[in-house]
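Reading through the structure tokens given below for one structure.
The values are calculated or read from the model by the stated rules, or taken from the named source; none is laboratory data. Please read all numbers here as calculations on a predicted model, not as lab measurements. Note that we place each Cβ from the backbone using ideal geometry, even for glycine, and neighbour counts take in every protein chain shown. Protein only, heavy atoms only, side chains kept; ligands, DNA and RNA dropped before computing areas. Shrake-Rupley method; radii C 1.70, N 1.55, O 1.52, S 1.80 Å.
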Amino acid sequence: MISEAELLAKVPAKLYIGGEWVDGTSGRSIEVHDPATGEVLTTIADASPADGTAALDAAVAASASWAATPSRVRGELLRKAWELLMERADEFALLMTLEMGKPLAEARGEVTYGGEFLRWFGEEAPRIAGRYGPNPEGTGRMIVTQRPVGPCFFITPWNFPLAMATRKIAPALAAGCTVVIKPAELTPLTTLYFVKLLEEVGVPAGVVNVITTSTSGEVSEPIIRDPRLRKLSFTGSTPVGRRLLEQAAQGVLRTSMELGGNAPFIVFEDADLDAAVDAAMLAKFRNIGEACTAANRFLVHADVAEEFTRRITERVAAMRVGRGTEDGVAIGPLIDGKAVGKADALVSDAVARGARVTTGGAPVERAGTFYAPTVLADVAAGSDILREEIFGPVLAIATFTDEADAVRRANDTEYGLVSYVFTRDLARGQRMIDQLETGMMGLNVGVVSNAAAPFGGVKQSGLGREGGLEGIHEYLDTKYTLTPL
Ligand code: NAP
């Protein structure tokens, strides 16, 4: 296994523009920290707005030739990227653990998941199809073709540093689009190392460009407002997504928005409690609770609430907290001190309104930014924790007695990303599919993400879908032509 220092030395510390690794023009640099220790891991280039424009220039310059590259060739480059990523899986996993904090085993899981987008869209590239047929009047031929939308700008969050990049880059490249990507300042290293991998497998200069910056707003806005840009895809919080949509409205830009969530996890009285507890552990504590798909509100039928709380408390109390590189660690650090403060404030508010802490309930006293895995029972309606995205290892349980009330409460949020339902009753399961206002649903499972599935939300959780058959259409424009018979 490669050492941490050797790995960090392999990660480019520069911007990648037009096939060159460059310092950028700001004269500043960014320190990247290990959230488990607070120590500086490395220092990288800090892009200026001029660097952002240069990256877009490069994506625009490469656009026509990449669009004209045979889809099979584009697909095979993605396949090669997947193969090389799998060879380097341990390195990418360690890098994510270092900059983001997630336990190594989960980081390995993200390499598999993130890699699947390269494999899936590599296979989809040659299947971009059109349509042909006579019009109903019998007077003309109707021809429908698909073209790449053109240069794209991607803004990604810190919580899944690899998968959020591959989920956008892979379909864009498959469709024939060129890309500028801006990862989060807190976790830029994985994207830099991944873009180096794309360079190694032969993705041509200018097709993928990466800018890292400490001034995301200043650097992004000119790119979004540039009339040469054809598509913005953003994954992050709903407030930032709203702001970017306003900027994108100016140029009537195509957008995909993967925003925040407030997932309900409903346990009915007839649920298989063993399965529900196993799934709850995953749905809540995977990625230290820092996932848009994390179960945020546990709505448990009053008849089984005590048993569910007892079993889940036992499991959570046994979770080991530590640096993600240590054996057996299930809970790493939160991304920063602000995240710890937010989790703690939500717990305090719930307790002040009558919730019981059955385990955890406070920051962990050690270097880094850790919060103890926590279970709250009897959370009262109106508590902040039921309304806001927790983004931390806190499991909040409220009870219900009536199915219609559970549905009403589950839907009582501006978010609509994912829901989880546990029931053995097939008819009730079908009703939940129809009635829960979310883009995705786990019916008796705790994780739904899959490269072959359309990932995305409704309401203020976003616009568009990533992955699945749908994912590539985010990067294609449909053109209809009529010609006489
Ligand atoms: P965030 O603060 O919205 O940041 C996301 C990205 O936007 C980062 O790259 C950030 O860069 C950038 N950014 C922030 N302000 C910006 C601005 N004014 N202009 C341009 N870019 C800007 O979200 P986060 O805290 O990183 O991520 C957590 C959020 O992402 C949660 O709400 C979570 O639910 C959501 N998420 C959603 C999905 C999904 O698929 N639906 C998946 C993962 C995460 P800097 O940080 O460098 O400023």
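Here segment 1-74 is treated as a sphere whose radius is the Kirkwood value from Cα pairs; by Stokes-Einstein at 37 °C and 0.692 mPa s it diffuses with a coefficient of 222 µm²/s. In terms of Cα atoms, the Rg and Dmax of the chain work out to 23.1, 77 Å. Sorting Trp120, Trp66, Trp82 by accessible area puts them as Trp120, Trp82, Trp66; the probe is 1.4 Å, largest comes first, and only protein heavy atoms count. Phi angles of segment 91-105 translate, via the Karplus equation with coefficients 6.51, -1.76, 1.60 and θ = phi - 60°, into HN-Hα couplings of 5, 5, 5, 4, 4, 5, 4, 5, 8, 10, x, 5, x, 4, 4 Hz per residue; Gly and Pro are given as x. Charge dipole of the chain (Cα centre as origin; +1 on each Lys and Arg Cβ, -1 on each Asp and Glu Cβ, all else neutral): 1340 debye, rounded to the nearest 20. Other residues whose C-beta falls under 14 angstrom from the C-beta of Glu39 contribute a net charge of -3, scoring Lys and Arg +1 and Asp and Glu -1. Under 19 Å from a label point set 7 Å out along the Cα-to-Cβ vector of Ala317, the amide N atoms of segment 334-358 belong to 355-358.
Backbone phi angles across segment 318-331, fed through the Karplus curve with coefficients 6.51, -1.76 and 1.60 (θ = phi - 60°), yield HN-Hα couplings of 8, 6, 8, 9, x, 5, x, 7, 7, 4, x, 6, 9, 10 Hz in residue order; Gly and Pro are listed as x. Here the spin labels are modelled as points 7 Å beyond Cα on the Cα-Cβ line, and at Arg428 and Arg366 they lie 4.0 nm apart.
The H on the amide N of Asp425, modeled in the peptide plane, is under 5 Å from the matching H of no residue at least 5 residues off or on a different chain. Between amide H atoms placed 1.01 Å from N, distances below 5 Å from Tyr371 occur with Leu334, Val364, all of them 5 or more places distant or on a separate chain. Computed over protein heavy atoms with a 1.4 angstrom probe, the accessible surface ordering of Ser71, Ser48, Ser29, largest first, is Ser29, Ser71, Ser48. For the chain, the longest principal axis of the alpha carbon atoms and the long axis of helix 238-250 meet at an angle near 20°. For Leu476, the residues whose amide H sits under 5 Å from its own are Val149, ignoring neighbours fewer than 5 places away on the same chain, with H placed 1.01 Å from N.
Estimated translational diffusion coefficient (Stokes-Einstein, Kirkwood radius over Cα pairs, 20 °C, 1.002 mPa s) of segment 278-362: 151 µm² per second. Loop-located GluC sites (Glu not before Pro) across segment 305-374 with a Cβ neighbour count of 15 or fewer within 10 Å are Glu326, Glu365, with loop assigned by DSSP.
The slack between Glu87 and Val351, meaning 0.36 nm per residue of separation minus the straight C-alpha distance, is 90.3 nm. Our note on the geometry: Cα centres of segment 334-354 and segment 423-470, 28 Å apart. Counting only protein heavy atoms, what percent of the accessible surface of segment 263-451 is carbon or sulfur at a 1.4 Å probe? In segment 263-451, the share of accessible area belonging to carbon and sulfur is 48 percent.
If I fit a long axis through the Cα atoms of helix 163-175 and take the longest principal axis of the Cα atoms of the chain, what angle between them do I get, 0 to 90°, rounded to 10? So the helix axis and the longest Cα principal axis differ by about 30 degrees. Each of Ile397, Leu376, Thr255 was scored by the projection of its Cα onto the charge dipole of the chain, and the greatest displacement toward the positive side belongs to Thr255; charges sit on the C-beta of Lys, Arg, Asp and Glu.
Helix 302-317 sits at what angle to the longest principal axis of the chain, using alpha carbons and giving 0 to 90 degrees rounded to 10? It is inclined by approximately 70 degrees.
Per residue, the accessible area of the chain comes to 39 Å², computed with a 1.4 Å probe over protein heavy atoms only.
Phi angles across segment 58-70 convert, under the Karplus curve 6.51 cos²θ - 1.76 cosθ + 1.60 with θ = phi - 60°, into 3J(HN,Hα) values of 5, 5, 5, 5, 8, 4, 5, 6, 5, 4, 8, 5, x Hz, Gly and Pro given as x.
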